[in-house]
Every structure is written in C-alpha cells, then in structure tokens.
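Novice: Starting off with a structure, shown below.
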Amino acid sequence: MKRNHYIIIGIICFVMTVGICVQVKTVDSLNTNSGVQSMAENKLRDNVLKAKEKYEASYEKLEKSMNELESLRKTAAADNNEATSIEEKISEANKLLGLTEIKGKGVVIELDDSKLVKSNEDMNDFIVHDLDLLEVVNELFNAGAEAVSINGQRIISTTAINCSGNIVKVNDEKLGVPFEIKAIGYPDKLYGALTRPGGYLELMEDDGVSVSISKSDDISLPKYNGVYQNDYMQVAE
Amino acid sequence: MFIVTIILGCLLGVAVGMNLPTISYSYSGYLAIAIIAALDSVFGGINSILQKHFDIKIFVSGFFGNAILAMLLTYLGERLNVDIYLAAVIVFVGRMFVNLSMIRRYYIEKWNNKNKITK
Amino acid sequence: MCLTIGIICILLVSVVFVQVKTVDVIENSGVSTMRESELRSELASWKAKNEEIENTIKENEESIEEYKTQTQTEQGTLGLLNQDLQKAYMSLGYTNVKGQGIEITVSDGNKRVGYGDLLVLVNELKYAGAEAISINDERIVANTDIVDVQSKFILVNTQRVMSPYVVKAIGDSKYLESAINIKGGIKDELEAEGKNISYVLSDEILINKYNGNLEINYGE
C-alpha cells in the first residue's frame, strides 16, 4: 500500500510541475494583459521613472553649476569697471532669456474647460486647445507683455505649444486644465487689450470656455526649467 | 518597557524611511504585499500578548515568513497569470480584523471588570 | 527581546515610508495608466532631455575651469566674459546666425495667408527643434507677436511683412522638413485652403539678428 502511495504522490508532483511550467511558458509567450500588467510595460515604466529621476538630479547639478559660474564671473569682474559692465550685461541677458524668476506687475488669465457641457453638443468647442493658448500668448505679446508663463512653464523664444492626443504640451512638458497664464507688463494695457470686444478671450467665452482675467501688482513667474540648445546655429558675421 | 521600545523604534523608522530612496515600479507591488503581511503579524502579536500566549520566536518567524511567502506567491501569480496577491490581501486583512476585534473585546471586558469591582 | 521588537518597528515603519514615497512618485508621473506607445515616447523624451542637460552641464563645467584658470589677467577675464555675453546674445537673437536648416516660402494663392497661418507654422518649427526663425528677415524672439492689420497685411514684431513670406529656420533640416511635410500637417492644410507653400533645405541658412530691444520694465 505504502509503495502505491509514493507512486501516486510522485505522479501528482510530476503533473503539477508540468502544469506550472506549461502555464509559465504560455504566459511568457503571450503578451496578455488580462488584469495582470505585462512585464515589458512594467520595465518601461521603471525606465521612465528612472530617466525622470536622473533628469531631476542632473537639473540640481545644473543649477549649482550656473550659480557657481555666476559667482565666478562676479569675482573675476570685481576690480575692473569694463569687466563689471560686461558681467552686468550677461546678468541682464540671462534675465531676458528667462533663466531667472521674475516678480512684478501684470495680469493673470485663467482658462478652463467649460463646466456646462451638454451631452449632445460638440465637446470640442468647450475645451481649451493648444491653439487657444498660442493665440492668447500672441495677444499678450502684442499688448506689450514682457514675460509670460503657463502653469509654471516659462515661454521663451523656442517654446512650442502643441497637443499630443488630449494633452497640451508646453516646452515639451504636459500641462492640464485649468491653465493659469501669467504675464508681466503694464497691467491696464494688458487687461484692456485682452478684454477688448472681438478679442480672443471674448471669442473663447462665447464658445463656452471658462475665462477669467485679473490685474495684479504682484505676480511671480518661474524661470525656464530647461536649457538653451544651440547645436545647429552659430554666430555669423 | 515595551511601549518605549516600540515608540523609539517607530520614530527611528520614520527617520530612516524618509531618507531612503524610492524603489522601482516593478518591485513596489511586492513591497506593498509584504507590508500587509507584516501588519497582520503585528496585530497577531499584539493579540497574543494580551492572551498571554506571546512567543517572540513565533512572532518574528511569522513576521518575516509571511512577508516572504506573500512576495513569493505574488511573483508566482504574475508568472501564472493568476491574481494570487488578491487572496493574500483578503486573508491578511481579514485576520487583522479578527485580531482587532479580539483586542477590542479584551479591553472592553477589562473595563467591565473594573467597573464590577468598584461597584 | 526588546531589541528585536525595536528592530522590527524600525523595519516596518521605514519600509512603509519607502512604499508611500514610491507610490507618490509613481502616481505623480502618471506612468501607471500609460500604455506601451506612450511610455516609449515618454522615455524617448526624457532621454533627450537628459542628453541636453548633460551637455549643458559639461559646457558649464568647462566654463568654470576656464574662469578658474584664465582670469589671472585682465585680458583673460574680458575675453571670457565677452565670450559668455556673445553666447547669451546669440540665444536672445541679438546676433546674426547661420547653420543648416530650411527655407519655407508661403504666399497668398486663392486665399490670403493670415497671421494664424504664420503663427502655427512658427510654432510647428519650434516644436521640431528650430533654434532660430525669421519671417522676411524679421527675427522671431521671445516676445514676438504676429498679427493681422485689417485683414490686409501682417505685422511681425510691429514690422510690416507682405506675401510672399520667406520663413527661415535653423535646426536639423530633416526634422524641420518632416514637421512641415507630415500628412495632415501645415503644408497639406495651407494647400487645401488655396495658399501656396514650398521649401528648400540648406546647409547654410543665414538668419539676421533682431533689430529691436528686449527689456523687462515691469518686473525684476
């Protein structure tokens, strides 16, 4: 009797192990996603998070190197008038390039997808599109805005605003509603220009988008959190 | 006393935990289930202290053993395409509730007894 | 025994904190809901950003070395400072620049080219990595605006420009070309509307400097 038991147990072990191996191989070969996320996608997620972490660490290094450069310039220029004036021009240029935070007067515009969407109407009209942001920023500059930012992304000379799918990207970073557009400039002029009849904000409001604009004496714009790429262009005489 | 070690240990744990780096996405699922298993052991441990059955060996072996077993089962489940970790969650959290109710009963009885005595 | 309990507490609590922090990072990044294609493009974008930032860090470190070694003499200091100023001015648009790129000519056809067309075209070029852009020799800078006046002519940086509009951009010419050419992109759109668009790629595009002055008076 005992011997039979051993044989039966042995067979059961064998069958179970075979079953497990077959199942494991099957799961590996398929790319199924039924509730269990596939390993390949998880690896990708891992890599994305790691790349992001690396970027943030590098960014800290970058900031440190920029600060060091600035103080080296200041000390080098300390005892020379000509040098000091050049150093001041460099600082001013960095400010204009958007590499420093800016505080001052201007306006703040808030754009949000419409709250009142009726199910049978075209959703498209009620959403804020990348083109809307492009047009509003254009109008702000036309009205004399000196610096603009959208949701913490500073607008620089090479800033692109576009959408991939349903998501708006500014400076290649994803942004979502509500959009807070801050602009530094003469508040009355900016406000007047943007709220003028026939202006783009009015058009958006008519379409149903939620728009609000206010003047402020105390706006703070963040600095551009990327780097200036000059791989293809060089100075020409 | 016990309480002091526990409080000190937890405070140190906070200090250490705050400074440790985050782990990668693929492994965070395993860590999560290990935490649930560990919490179940903790509640079991508290309960056994009150019932005066506490054995440090059972507690420690359960703490690590359950955590490791839970992680292994989750991994197996991933390879076999069965959500085994779900069962682990149900069992561990279920036991936590059972232990918690026994702890509750213990203290309520104690409080009742105290009242009876003072009467 | 107390020691064991203490160690277990430390372990459990610290592990909980690690997990909470990890989940926080994961949720903020949004990767859990992304699918493979989105993840791949996110990864590519972060890799590109990392490359950019590492290059800049290297440049900065070289600069720091130069400042440490070459500023013994007044001449050395002035040389370095002027170099840095030139670089900054180049990024601002205060200098003429050259490099490979694309020259696009957009002109009125059956329909007139409006400010919106140029606005979108410039935006597309920027998205394709254009480092410098000009329209009929008006340099596009940070606060450039493009507007219609009475639907008759277009102002760029308050300077009047007329059809045909020559839009020059410096960058990776293949990349710039594909940005314009993409199916359903700006070229298709303009042509569908009855406007004309053509382009040439070049190894040496010359873009003039900005003739105005950038300033920030209302902020610090």
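Novice: Which whole number gives the average, over all residues in C:116-123, of C-beta atoms from other chains lying within 10 Å of the residue C-beta?
Specialist: Mean inter-chain Cβ contacts per residue within 10 Å come to 3.
Novice: Let me ask something else. Tell me the net charge near A:LEU190. Cut-off is 12 Å between Cβ atoms, A:LEU190 excluded, with +1 for each Lys or Arg and -1 for each Asp or Glu.
Specialist: Around A:LEU190, the charge tally is +2.
Novice: I need the calculated FRET efficiency for the pair C:ARG35 and A:GLU180, taking r as the beta carbon distance and R₀ as 45 Å, to the nearest 0.05.
Specialist: That gives a FRET efficiency of 0.95.
Novice: In addition: Cα-based Rg (one decimal) and Dmax (whole number) for the protein assembly as shown, in Å?
Specialist: Reported Rg and Dmax, both Å: 32.1, 106.
Novice: In addition: Putting +1 on Lys and Arg Cβ atoms and -1 on Asp and Glu Cβ atoms, find which of C:SER173, C:VAL161, C:MET1 reaches farthest to the positive end of the dipole of chain C.
Specialist: C:VAL161
Novice: Using just the helices of the protein assembly as shown, give the 222 nm mean residue ellipticity in deg cm²/dmol: DSSP H runs with n ≥ 4 each add -39,500 (n - 2.57), and the total is spread over all residues, rounded to 500.
Specialist: -19500 deg cm²/dmol
Novice: Here is a further query. How big is the charge dipole of segment C:97-207 about its Cα centre, in debye rounded to the nearest 20, if each Lys and Arg gets +1 on its Cβ and each Asp and Glu gets -1 on its Cβ?
Specialist: So the magnitude is around 180 debye.
Novice: Let me know the shape class of chain A, please: from the alpha-carbon gyration tensor, a ≥ b ≥ c as square roots of the eigenvalues, rounded when a/c is under 1.5, otherwise prolate if a/b is greater than b/c, or oblate.
Specialist: oblate
Novice: Need one value for B:4-12: mean number of C-beta atoms belonging to other chains within 10 Å of its residues' C-beta atoms.
Specialist: Going residue by residue through B:4-12 and averaging, the value is 6.
Novice: Follow-up question, since we're still on this one. Give me the one-decimal nm value for the distance between modelled label points at C:ASP203 and C:LYS47, 7 Å along each residue's Cα-to-Cβ direction.
Specialist: Label at C:ASP203, label at C:LYS47, 2.9 nm between them.
Novice: Using Cα-Cα distances under 8 Å and only pairs 6 or more residues apart, what relative contact order does chain C have, in percent?
Specialist: The normalised contact order for chain C reaches 25 percent.
Novice: So for C:CYS9, A:CYS21, fewest C-beta neighbours within 10 Å to most, what's the order?
Specialist: A:CYS21, C:CYS9
Novice: Taking θ as phi - 60°, what are the ³J(HN,Hα) couplings along segment A:80-88 by the Karplus curve (6.51, -1.76, 1.60), each to the nearest whole Hz, with x for Gly and Pro?
Specialist: Listing the rounded values in order: 9, 5, 4, 4, 4, 5, 5, 4, 5 Hz.
Novice: Continuing with the same structure: Which of A:ILE150, A:LEU131, A:SER164 sits closest to the plus end of the dipole of segment A:102-221, meaning its Cα is farthest towards the positive end, when Lys and Arg get +1 and Asp and Glu get -1 on the C-beta?
Specialist: Toward the positive end, the furthest listed residue is A:ILE150.
Novice: Along the charge dipole of the protein assembly as shown, Cβ charges K/R +1 and D/E -1, which of A:LEU221, A:LEU111, B:ALA70 sits furthest on the positive end?
Specialist: Towards the positive end, the residue furthest out is B:ALA70.
Novice: Using mean Cβ contacts within 10 Å as the protection proxy, how do A:180-191, C:27-38 order, highest first?
Specialist: A:180-191, C:27-38
Novice: For C:LEU39, what charge total do you get from the other residues with a beta carbon under 15 Å from its beta carbon, if Lys and Arg give +1 and Asp and Glu give -1?
Specialist: For residues surrounding C:LEU39, the net value is +3.
Novice: With springs only between Cα atoms under 10 Å, which of C:ILE57, C:ILE102, C:ILE186 fluctuates most in a Gaussian network model of chain C?
Specialist: Among C:ILE57, C:ILE102, C:ILE186, the largest mean-square fluctuation in the Gaussian network model of chain C belongs to C:ILE57.
Novice: Could I ask something else about it? Over 18 Å between C-alpha atoms is what I'm after, so list which of A:LYS64/A:LYS182; A:LYS182/A:LYS215; C:LYS126/C:LYS168; A:LYS105/A:LYS182; B:LYS52/B:LYS110; A:LYS174/C:LYS47 land there.
Specialist: In this structure, A:LYS64/A:LYS182 exceed 18 Å between Cα atoms.
Novice: Going highest first, how would you order B:106-114, C:189-197 by mean Cβ packing within 10 Å?
Specialist: Put in order of decreasing packing, that is C:189-197, B:106-114.
Novice: What does the charge dipole of chain A about its Cα centre add up to, to the nearest 20 debye, if the Cβ of each Lys and Arg holds +1 and the Cβ of each Asp and Glu holds -1?
Specialist: Computed charge dipole of chain A: roughly 1700 debye.
Novice: Please give the net charge around A:ILE219, taking every other residue with its beta carbon less than 15 angstrom from that of A:ILE219, where Lys and Arg add +1 and Asp and Glu add -1.
Specialist: Charge balance near A:ILE219 sits at -1.
Novice: Take the residue pairs A:LYS54/C:LYS68; A:LYS89/A:LYS223; A:LYS25/A:LYS50; A:LYS103/A:LYS169; A:LYS61/C:LYS49 and return only those whose Cα atoms are more than 20 Å apart.
Specialist: The pairs that break the limit, which is 20 Å between Cα atoms, are A:LYS54/C:LYS68; A:LYS25/A:LYS50; A:LYS103/A:LYS169.
Novice: With viscosity set to 0.890 mPa s at 25 °C, what whole-number translational diffusion coefficient in µm²/s follows for segment B:24-118 from Stokes-Einstein and a Kirkwood radius over Cα pairs?
Specialist: 167
Novice: Return the tail of the calculated pair distribution for segment C:68-220, meaning the percent of Cα-Cα pairs more than 19 Å apart.
Specialist: In whole percent, the share of Cα-Cα pairs in segment C:68-220 beyond 19 Å is 58.
Novice: Ok, one more. Only four residue types carry charge here, +1 at the Cβ of Lys and Arg and -1 at the Cβ of Asp and Glu. Report the dipole size of the protein assembly as shown about the Cα centre in Debye, rounded to the nearest 20.
Specialist: 3980
Novice: At a 10 Å Cβ-Cβ cut-off, how would you order B:ARG104, C:ARG40, fewest neighbours first?
Specialist: By the 10 Å Cβ count, ascending, the order reads B:ARG104, C:ARG40.
Read the figures in this text as sums done on the coordinates, not as results from a lab. Quick caveat, the model's predicted, so the values are computed rather than measured. FYI the Cβ positions are ideal-geometry reconstructions off the backbone, even for glycines, and counts take in every protein chain you see.
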